[in-house]
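Written out below as structure tokens is the structure these notes cover.
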Amino acid sequence: MFNYFANPRRFMKLATVLSPWLAGATIVLAAAGLYLGLFASPADYQQGETVRIMYVHVPAAWMALFCYMGLAISAAVGLIWKHPVADVAARATAPIGACFTFLALLTGSLWGKPMWGAWWVWDARLTSVLVLFFLYLGYMALNSAFDDPQRGSKASAILAMVGLVNVPIIKFSVDWWNTLHQPASIVRMDGPTIHPDMLWPLFLMIGAFTTYYLWVLMLRMRRELTETRLRARRQIQAEEAGA
Amino acid sequence: MTKISEFLDMGGYAGFIWPSYGAVIAVLAVLLWLSLRGLKAAERELAQLEGDAPRARRARPTDDGAARP
């Protein structure tokens, strides 16, 4: 499969077929998740209604990490094997991941104010996620900083791989340091500690965010691959005009 | 009516909960819109270029062949 989709045309075909299915899945999952999250789930016994922020905050934060791992792995594959589609995938993922990270920070802030009494604290979890946000911005800036796009993707791929050390720091920051942020309650050795009534809307929203990511990823990759063909076309035309 | 306003009030946390959901929907909608718009623009341009391209492509071999003086 890895080699199969090294052909951009083949990948384009798949992406074009997948896009509407991913769009449909996103709408259905988000509708179900929003209904359960806003109407059909109970308020928390400690946090009251603010617990509903969890249904957008946690998926955004998960996707921030998921997208970064996807970005770094695709960038590495593009760098090592010169896989042309992997490189496009990395570039297309960056702005989506940056949006998710921004939303995780923003909704976290809106949840922190009523529960902790502060919009922001410089603790390990919040700071490491802020670093993740800057990694995304740095990747995008470096990627487009060179006249030669090949050099841009090489340099930014290295940045993305180095930035990968931040991922376990974010994940375990709540265990390694004293923090206001609550520890993990879903991915635990002893199973989730959330009641199913809250777990369901959360899973549905995580599903919706994932299909949204894949949907927008397909759109952005199709755009990049179309632009590559455009450039090749223009070059042919320019050569013919010059000949 | 009171049920709706009670729901919108979110136990007094309306000022935190609704902006969270609003920001998520707004940011994701704008990103989707920009991505779709960019794809459509690129596809339109390629279709335009490829509209006159087949001529250019077919003309090429003859250019390289006997037609050239």
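The values are calculated or read from the model by the stated rules, or taken from the named source; none is laboratory data. It should be emphasised that the depicted structure is a prediction, and the values quoted were computed from it without experimental measurement. Cβ coordinates were reconstructed from backbone atoms using ideal geometry, including for glycine residues, and neighbour counts include every protein chain displayed.
So the values come out like this:
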{"item": "Some residue of segment A:192-211 being more than 19 Å from A:VAL56 (Cα to Cα) and either of a type outside the set (A, V, I, L, M) or within 14 Å of chain B (Cβ to nearest Cβ) (or both)", "result": "no"}
{"item": "Enumeration of residues in segment B:1-33 that are among the polar types (S, T, N, Q) and within 9 Å of chain A (Cβ to nearest Cβ)", "result": "B:SER20"}
{"item": "Total residues in segment A:1-51, condition modelled with pLDDT under 85 and among the aromatic types (Phe, Trp, Tyr)", "result": "5"}
{"item": "Qualifying residue in segment A:123-139 (condition: closer than 25 Å to A:GLU227 by Cα, surrounded by fewer than 18 Cβ atoms within 10 Å (Cβ to Cβ) and away from chain B (no Cβ under 14 Å))", "result": "yes"}
{"item": "Single match in A:VAL174, A:VAL187 (criterion: assigned to a helix (DSSP H, G or I) and either out of contact with any strand residue (DSSP E or B) (no Cβ under 9 Å at 6 or more places or on another chain) or surrounded by fewer than 17 Cβ atoms within 10 Å (Cβ to Cβ) (or both))", "result": "A:VAL174"}
{"item": "In segment A:77-113, residue surrounded by the most Cβ atoms within 10 Å (Cβ to Cβ) [restricted to those that are within 11 Å of chain B (Cβ to nearest Cβ) and of a type in the set (Phe, Trp, Tyr)]", "result": "A:PHE100"}
